[in-house]
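Peer 1: Quick one: the structure is below, and I'll ask about it shortly.
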Amino acid sequence: MNSHQLFRRSRIRLALWYAGVMGVILSLSGFGIYRALVQAKWTALEREIESIAGTLHDSLEPILPASEEPTAILQQIFPELCLVGQPCNMSPTLIQRHTTGISDRNTYYIRLFDDQGKLLAFSPNQASHLPQILNPATWQTWRSSDGIRYHQFTTILHSAHAHHMLSKTSSHPSWGYIQIGRTLEPFDAEARRIQWIFAVGFPLVLSLVAISSWWLSGLAMQPIYQSYRQQQQFTANAAHELRSPLASLLANVEAVLRMPQSDWQQIQTMLHTVERQGRRLSQLITDLLLLSSIEQNTSSEQFKPCCLNDLINDLSEEFLELAVASDIKLSSHVPTHLIYVLGHEQQLYRLVSNLIANAIQYTPPGGLISIDLEQRDRTVIVMVKDTGIGIPPSEQPRIFERFYRVNSDRSRKTGGTGLGLAIVQAIAKVHSGQLSVESQLEQGSVFTLKLTALAYG
Ligand code: ADP
């Protein structure tokens, strides 16, 4: 599988996972919202039925007749109710009067039962096929033969004469029952409407989630892909860098082996080349190992306080000979008070020495190099300035890349590997430092390193 396919498959997998997880979250929250909406409507509906029943109950109780045969009096009280066994008046004004302010009055029906549960009267708009015998459960939901659901509330009615009646004739404490019910058609229609909205909206939202997860997984893969490409580039560059000196080394060894023993002078020259290439290879491998150990932070050594004054004085002394040999004036400016930073002394040493070595390498004879150390508040600044060949602005962002050389010819002449500044950058990063470069072609360059000073006292 090539890398392109691998990344594509990972992206698809990531997008699918993301869409799947989002789908589950969305369905759970959708279901929760649906339940909450339906429950809220159901509660409002029951409250409405209960309040109508309460109002009717309160206004009926004082005027209920005491007689055991109440139909005649009931007709007087409720002329709009139909009495069982008698012709029905079709004007449901009673229920209308008691449901003033309620949106859909015709959806309600009322029924009156005696204390034996026998139906006495009912409103003309009651649902067909309603059972004639009372079911005394407070709340009931039932479905008619035509599939319409009804919900009803039943409560006991006590007559004002109930106590009187109880003591004389009847063993029943109540006068009878009142039942208020309503069709659940609008409620069910509303619930179905919400279900439809979810059924249509969910796939739509899920498609949007799928599209955005594809896009997001692309974004997430980008840095990984980039770093993978960089790694590939690095391997290719490393192989290339190792191949050239190795090829030259092998060619020289083969030539030496074929040469007559008498040609000692020639053999020596070739052996020198072999040695030089061998050293270059060894240096390259050492640099690569150092770079990877810095980047992986594998050093077992702990950060310790390092005195930068000593470090810079030592380095300028060390490079003085090389600078003099190259006819370059090297100077350093170090303050009298001691500046400490927390870090790996060896790595910091390597960092500054790489900068000075580069300054010497890329400064023609007669040039100046200065190494400055200063402290501003808690920021320590190390500056390596030279009056060398400079770096074109377009190349400046790339010089810290591994194996990158501004102009391979000019640095190959000086024996550079292109790893020097990559090592500098890696060390600065490990020390949470900031590295920057300012340079002008043929004018010179300034490399500035900012670190945080160690506070003493
Ligand atoms: P090299 O081993 O080739 O010197 P570096 O990583 O140290 O590799 O530097 C990368 C490139 O940056 C070099 O090829 C060189 O062209 C440029 N460079 C670095 N330091 C300087 C400097 N002080 N002056 C001019 N060019 C520089």
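The values are calculated or read from the model by the stated rules, or taken from the named source; none is laboratory data. As the structure is a computational prediction, the values presented were derived from the model and not from experiment. We place every Cβ from the backbone using ideal geometry, glycine too, and count neighbours over all the protein chains shown.
Peer 1: For region 250-289, which residues satisfy the criterion of being farther than 30 Å from GLN347 by Cβ, in contact with a helix residue (DSSP H, G or I) (Cβ under 8 Å, 6 or more places away or on another chain) and part of a helix (DSSP H, G or I)?
Peer 2: Answer for region 250-289, where residues must be farther than 30 Å from GLN347 by Cβ, in contact with a helix residue (DSSP H, G or I) (Cβ under 8 Å, 6 or more places away or on another chain) and part of a helix (DSSP H, G or I): ASN252, VAL253, ALA255, VAL256, ILE267, MET270, LEU271, THR273, VAL274.
Peer 1: Do you know which residues across region 351-374 are of a type outside the set (Gly, Ala, Ser) and surrounded by fewer than 17 Cβ atoms within 10 Å (Cβ to Cβ)? Please lay out each step first, then the result.
Peer 2: So in region 351-374, the residues of a type outside the set (Gly, Ala, Ser) come out as 351-352, 354-356, 358, 360-365, 368-369, 371-374.
Once the filter is applied, which keeps residues that are of a type outside the set (Gly, Ala, Ser) and surrounded by fewer than 17 Cβ atoms within 10 Å (Cβ to Cβ), region 351-374 yields PRO364, PRO365, LEU368, GLU374.
Peer 1: Of everything in region 319-340, what is surrounded by 13 or more Cβ atoms within 10 Å (Cβ to Cβ) and in contact with a Ser or Thr (Cβ under 8 Å, 6 or more places away or on another chain)? Give them in sequence order.
Peer 2: PHE319, SER326, ILE328, LEU330, SER331, SER332
Peer 1: Hey, can you tell me all the residues within region 216-238 that are loosely packed, with under 11 Cβ neighbours inside 10 Å and under 17 Å from the mean Cα position of the chain (by Cα)?
Peer 2: If the condition is that a residue be loosely packed, with under 11 Cβ neighbours inside 10 Å and under 17 Å from the mean Cα position of the chain (by Cα), then LEU219, PRO223 are the ones that fit.
Peer 1: Could you grab the pairs with beta carbons closer than 6 Å, sequence gap of 6+ or different chains, first residue in region 382-408 and without any contact (Cβ under 8 Å) to a residue 24 or more places away in the chain, second one within 7 Å of the ligand (Cβ to nearest atom) and part of a loop (DSSP other than H, G, I, E, B)?
Peer 2: GLU395/VAL406; ARG398/TYR404; TYR404/GLY418; ARG405/GLY418; VAL406/ILE391
Peer 1: If you don't mind, there's one more thing I want to ask. Just give me the residues in region 357-368 being touching a helix residue (DSSP H, G or I) at 6+ places or on another chain (Cβ under 9 Å) and more than 9 Å from the ligand (Cβ to nearest atom), in sequence order.
Peer 2: Within region 357-368, just GLY367 meets the criteria.
Peer 1: So, one more: Determine whether region 263-270 contains at least one residue that is surrounded by 11 or more Cβ atoms within 10 Å (Cβ to Cβ) and modelled with pLDDT under 85.
Peer 2: Yes, because at least one residue in region 263-270 is surrounded by 11 or more Cβ atoms within 10 Å (Cβ to Cβ) and modelled with pLDDT under 85.
Peer 1: OK, next. I need the full set of residues from region 319-340 which are over 23 Å from CYS306 (Cβ atoms) and in a loop (DSSP other than H, G, I, E, B), in order please. Steps first, please.
Peer 2: The initial filter retains those residues of region 319-340 that are over 23 Å from CYS306 (Cβ atoms), namely 321-329.
If the condition is that a residue be over 23 Å from CYS306 (Cβ atoms) and in a loop (DSSP other than H, G, I, E, B), then SER326, ASP327, ILE328 are the ones that fit.
Peer 1: Check whether at least one residue in region 340-356 is of a type in the set (Gly, Ala, Ser) and either over 47 Å from the mean Cα position of the chain (by Cα) or not assigned by TED's automatic domain parsing to the domain that holds ALA428 (or both), and report yes or no. Talk me through it step by step, then tell me what you get.
Peer 2: Looking only at region 340-356, we keep the residues that are of a type in the set (Gly, Ala, Ser), and these are 343, 353.
So of that shortlist, the ones also either over 47 Å from the mean Cα position of the chain (by Cα) or not assigned by TED's automatic domain parsing to the domain that holds ALA428 (or both) come out as none.
No, region 340-356 has no match at all.
Peer 1: Continuing with the same structure: Can you tell me which residues in region 330-345 are away from the ligand (no atom under 15 Å from the Cβ) and in contact (Cβ under 8 Å) with a residue 40 or more places away in the chain? Spell out the reasoning first.
Peer 2: First, pick out the residues of region 330-345 that are away from the ligand (no atom under 15 Å from the Cβ): 331-345.
Those that are away from the ligand (no atom under 15 Å from the Cβ) and in contact (Cβ under 8 Å) with a residue 40 or more places away in the chain: SER331, SER332, HIS333, PRO335, ILE339, TYR340, VAL341, LEU342, GLY343, HIS344, GLU345.
Peer 1: For region 378-393, does any single residue satisfy the condition of being within 16 Å of the ligand (Cβ to nearest atom), under 50 Å from the mean Cα position of the chain (by Cα) and surrounded by fewer than 17 Cβ atoms within 10 Å (Cβ to Cβ)? Walk me through it before giving the result.
Peer 2: The first filter runs over region 378-393 and keeps only residues within 16 Å of the ligand (Cβ to nearest atom), leaving 382-393.
Filter again for under 50 Å from the mean Cα position of the chain (by Cα), leaving 382-393.
Remaining after also requiring surrounded by fewer than 17 Cβ atoms within 10 Å (Cβ to Cβ): 392-393.
Yes, region 378-393 contains a residue that is within 16 Å of the ligand (Cβ to nearest atom), under 50 Å from the mean Cα position of the chain (by Cα) and surrounded by fewer than 17 Cβ atoms within 10 Å (Cβ to Cβ).
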